[in-house]
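J.: Just passing along the structure, written as structure tokens.
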Amino acid sequence: MSRLSTIASNGVSDFSQLRQFHAQIIHHSLHHHNYWIAALIAQCTRVRAPPAYARLLFESSRRPNVFVFTNMLKFHSQWGAHQDVISLFLQMQRHHHDDVDLDVKPDAFVYPILIKSAGKAAVSLHAHILKLGHACDRYVRNAIMDMYAKYGPIELARELFDEIPDRTAADWNSIVSGNWKWGHEAEACRLFDLMPEKNVISWTAMVSGYSKHGDMMNARKFFEEMPEKTVVSWNAMLSGYVQNGFMEEALRLFRNMVDVGIQPDETTWVTIISSCSARGDPRLAESLLGSLDQRQIRLNVFVKTALLDMYAKCGSIGTARRIFDEMGTYRNPVSWNAMISAYTKNGDLVSARELFSEMPERNVVSWNSMIAGYAQNGHSSIAIELFKQMITNEDSKPDEVTMVSVISACGHLGALELGKWVVNFITQNQINLSISGYNSLISMYSRCGSMEDAKRIFQQMPERDVVSYNSLITGFAAHGHGTEVVNLFFKMKDEGIEPDRITFIGVLTACSHAGLSEKGLQIFYSIRSPEVDHYACMVDLLGRAGKLEKAKKLVDMMPMKPHAGVFGALLNSSCIHKRVDLGEFAADKLFELEPENSGNYVLLSNIYASVGRWEDVEKVRETMRTRGVKKTTGCSWVEFGGKVHQFIVGDWSHERSREIYQILEEVGKKMRAAGYVADKSCVLRDIEEEEKEEMVGTHSEKLAVVFGLLVFDVGATVRVVKNLRICRDCHVAIKIISKLERREIIVRDNNRFHCFKDGVCSCRDYW
DNA sequence: GTCCAGACAC
């Protein structure tokens, strides 16, 4: 008996020792005694025993008392099983309610655990706890204050802190960490200096605070000055280096740590492993694993999850899955999520979805991984559908990460109506957006063709970074608003934000499309080290302006190897200016670089057609046939009633197709009556049977416009979204429809926008 | 006998 007591108070060191301990308790027939059950559960927490094991222990108690409950709560809390914590607490309350004499009244020991697990939701517990009078307990008091410090409003945490008459070190540490968390660096430092007694936790909080702010100089300074260090302090410093990308420093510190005799713990390993996955360096990881093996490190679920993630990021999805399968009952939501995102990053949405539906306990990250997976792999509609499921399910609340994916999906679909509904959802659910959230809104509005909204968001943002400017610049560039872009470019410099490569691409494209050659050249020369993409923009700019010799010269002078974009720009401008020689030169290079891209063949053929060299047109067509190059057919979308309707060439799948084609026929008659004759110079039109039709063909853009304007009354503006180039025939048709209907039609084509108004198109150079 | 503050994984 006394031996058992010794084990209980000293603790076991691993799971197998725990099982021996358990066996001895059974041997002494003590396994139904609450005292021993509580002790065993406490040891489960210590060695991170599997949840099923702890649950079995819990159920072996006929009448769990407050100790058994509390230890079980602690166990769940450590695993992050917050749902279990809450339901166990409710069970406790029920037991107490049913029989007041039973020793299960939730006490001051229970509330801190509950508050920690409930997170932000613990706000609703605050009043309840005050009523029970637990708020004067220093642990409970601290837990509540800490909750406000972590989840906000931090001001309330501060009020509570100021009211505490006998502040403990924990109270000071909570308020310091809270200030770091909310970005109040100066206040955190001020409070740290005011602290009557600083302990190792206070110092570690400062190291981690500076690290999270990217201030590694000060982080290191505090780390060096600490009077004592624990393994947690080392871990904080390590993770600071890793998160700020100082991998060499991290490894050096790690060796240093081992040298001074600090035993790395599981957190250390997780940090080191995740630094390998960030670098995508499987070799380093392998050698690390070797040392893990040598040290006989027992891999806990955290380490295993980090390993899983590392293998997935280094491209060994099979190994990742093996680890996942081996984890068995040790899996927690994070392991599931890591595996799901491994699949989505690999483009394997089927396997990801399968895991997602099998998961026992989904959290917001699971939904986010899945939604982002669809959004990033081009399945925008499914991403939005899943989001709608998420909000009906109500098991997890969407956060900013969710919303960024959903916003981006709306942008790719060009679904403005849906986008506005999403924005409304964000405000109604009080989801706080960071800079990157606002940036994604700017992108979304730009992609949906609503620059007024994009600009409004930009102006309303509390703070802007280079991505904010890039998003708006790229948007205006796509709409051909050159001067707006140039103004923004100078404004950002005034604000002290350095333009990056994306900025220059946006500005140069805008100059090119708006015919601002001089401005464009001037800006190009100001780039410190121009990259190949910038040269491509300049070739485009010079080419469009008709300075094809200069464009060709620039290609020859480039300090790096030109890529397809450079020759593509040259081919495109050769087409605009009917330059067969340069067109052939560019096309030759392109056929080598990307033989399967049909667009290049079409452009070359158009050049020949424009100068009447029909035998060469035929030759290009022959080449396409022998190489098996198929002209890509695009599809168009138009949004109506919160739904995105899709059309492809010659498509009859839409439920109102009959009506649409009938109206198209009538529009065609009107057009012919108005004197419009189909333009016969539209070449390669017989590559696809459908394109044989005259003016009133069945191209997707026409279907979309007719649907939007005439079948459904969408109002003044109909937005058509298409990501491939629209054909010349459709371009003309849309112009005519806009004139006949006296309405605005916005077409997104190849991520550029054309606004048709009363038969006039805003773009200058497209055809 | 239990509870709070600092580090890690998606």
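J.: So which lysines pass the test for A:K388, namely a Cα distance under 25 Å, with those fewer than 8 places away in the same chain ruled out?
T.: Straight-line reach from A:K388, under 25 Å: A:K120, A:K345, A:K397, A:K420, A:K643, A:K722.
J.: While we're on this one: How far apart, in nm, are two points set 7 Å out from the Cα along the Cα-to-Cβ line at A:K561 and at A:Q428?
T.: 5.4
J.: If one takes the longest principal axis of the Cα atoms in chain A, at what angle in degrees, from 0 to 90 and to the nearest 10, does the Cα axis of helix A:451-460 lie?
T.: Roughly 30 degrees, rounded to the nearest 10.
J.: Right, another one. Considering only protein heavy atoms and a 1.4 Å probe, what is the carbon-and-sulfur percentage of the accessible area of chain A?
T.: Of all accessible area on chain A, carbon and sulfur atoms account for 52 percent.
J.: On to the next question. Rounded, prolate or oblate: pick one for the range A:1-152, where a ≥ b ≥ c are the square roots of the eigenvalues of its C-alpha gyration tensor, a/c under 1.5 means rounded, and failing that, prolate if a/b is larger than b/c, else oblate.
T.: Values: a/c = 2.23, a/b = 1.69, b/c = 1.32.
It is prolate, given that a/c is not under 1.5 and a/b is the larger ratio.
J.: With the other protein chains left in place, how much accessible area per residue, in square angstrom, belongs to the range A:481-537 at a 1.4 angstrom probe?
T.: On a per-residue basis, the range A:481-537 sits at 48 Å².
J.: Mind running the shape call on the range A:510-573? Use the C-alpha gyration tensor, a ≥ b ≥ c as the square roots of the eigenvalues: rounded below 1.5 for a/c, prolate if a/b tops b/c, oblate otherwise.
T.: Judged from the Cα gyration tensor, the range A:510-573 comes out oblate (a/c at least 1.5, b/c at or above a/b).
J.: How many percent of the alpha carbon pairs in chain A exceed a separation of 44 Å?
T.: Result for the distance tail: 41 percent.
J.: Suppose all protein chains stay in the model; what accessible area per residue would a 1.4 Å probe give for the range A:214-267, in Å²?
T.: In whole numbers, the range A:214-267 has 53 Å² accessible per residue.
J.: Could you calculate the contour length gain from A:E518 to A:V232, that is, 0.36 nm times the residue separation minus the distance between their Cα atoms, to one decimal place in nm?
T.: So the extension gain works out to 97.1 nm.
J.: For a quick check of understanding: with a 1.4 angstrom probe and all protein chains in place, what accessible area in square angstrom does A:E228 have, to the nearest ten?
T.: It works out to around 110 Å².
J.: Then there is this: Assuming R0 = 25 Å, can you tell me the calculated FRET efficiency for the pair A:Q459 and A:Y151, based on Cβ-Cβ distance, to the nearest 0.05?
T.: Between A:Q459 and A:Y151 the formula returns 0.25.
J.: Anything over 20 Å Cα to Cα? Flag those among A:K630/A:K702; A:K74/A:K131; A:K212/A:K313; A:K519/A:K550; A:K74/A:K116, in the order listed.
T.: A:K630/A:K702; A:K74/A:K131; A:K212/A:K313
J.: Roughly how much of A:F490 is accessible, in Å² to the nearest 10, using a 1.4 Å probe?
T.: Looks like 80 Å² after rounding.
J.: Here's a follow-up. Pop the C-beta distance of A:S657 and A:R742 into the FRET formula with R0 = 25 Å and round what comes out to the nearest 0.05. Can you show the working numbers first?
T.: Details: r = 26 Å, r/R0 = 1.03.
Calculated transfer efficiency: 0.45.
J.: Another question about this same structure. Given axes a ≥ b ≥ c from the Cα gyration tensor, I'd like to know whether the range A:79-192 is rounded (a/c under 1.5), prolate (a/b larger than b/c) or oblate. Intermediate results must be reported in sequence, preceding the final value.
T.: Details: a/c = 2.83, a/b = 1.95, b/c = 1.45.
Here the range A:79-192 falls in the prolate category.
J.: Rg and Dmax of the range A:246-394, Cα atoms, in Å?
T.: When restricted to the Cα atoms of the range A:246-394, Rg and Dmax are 17.1, 55 Å.
J.: While we're here: Test of understanding: what is the full-extension gain from A:H28 to A:Q389, defined as 0.36 nm times their sequence separation minus their Cα-Cα distance?
T.: 124.7 nm
J.: Can you give the accessible area per residue of the range A:558-616, in Å², using a 1.4 Å probe?
T.: 44
J.: Give me the aspartates and glutamates in straight-line cross-link reach of A:K578: C-alpha distance below 20 Å, same-chain residues under 8 apart excluded.
T.: List returned: A:D540, A:E549, A:D588, A:E615, A:D616, A:E618, A:D679, A:D729, A:D765.
J.: Nearest 10 degrees, 0 to 90: what angle lies between the long axis of helix A:185-194 and the longest principal axis of chain A (Cα atoms)?
T.: 20
J.: Taking all protein chains together and a probe of 1.4 Å, list A:W652, A:W421 from the most accessible to the least accessible.
T.: Result of the area sort, largest leading: A:W652, A:W421.
J.: Give me the percent of DSSP beta bridges within chain A that run antiparallel, rounded to the nearest 5. Working shown, then result.
T.: On the way: 15 of 21 bridges.
Given both bridge residues lie in chain A, the antiparallel proportion sits at roughly 70 percent.
J.: Between helix A:138-151 and chain A, what is the angle of the helix's C-alpha long axis to the longest principal axis, kept within 0 to 90° and rounded to the nearest 10?
T.: The helix A:138-151 is inclined about 10 degrees to chain A.
J.: Separate question: By how many nm would the segment from A:V258 to A:K670 lengthen if fully extended, with 0.36 nm per residue of separation less the alpha-carbon distance?
T.: Stretched out fully, the A:V258 to A:K670 stretch lengthens by 140.0 nm.
J.: Moving to a separate point now. Can you compute the FRET efficiency between A:Y35 and A:V100 using 1/(1 + (r/R0)^6), with r the Cβ-Cβ distance and R0 = 22 Å? Round to the nearest 0.05.
T.: Given R0 = 22 Å and the Cβ-Cβ separation, E is 0.50.
J.: Still on this model: Taking the full set of protein chains and a 1.4 angstrom probe, give the accessible area of A:R46 in square angstrom, rounded to the nearest 10.
T.: Number for this one is 140 Å².
J.: Something else now. For the range A:529-630, compute the orientation-averaged projected area of the C-alpha convex hull (one quarter of its surface), in nm².
T.: Over all viewing directions, the range A:529-630 projects a mean Cα-hull area of 6.0 nm².
The values are calculated or read from the model by the stated rules, or taken from the named source; none is laboratory data. Small disclaimer: the values here were computed from a predicted structure and weren't measured. Don't worry about glycine lacking a Cβ; one is built from the backbone with ideal geometry, like all the others, and counts go over all protein chains shown. All accessible areas refer to the heavy atoms of the entire protein, side chains included, with ligands and DNA or RNA removed. Shrake-Rupley method; radii C 1.70, N 1.55, O 1.52, S 1.80 Å.
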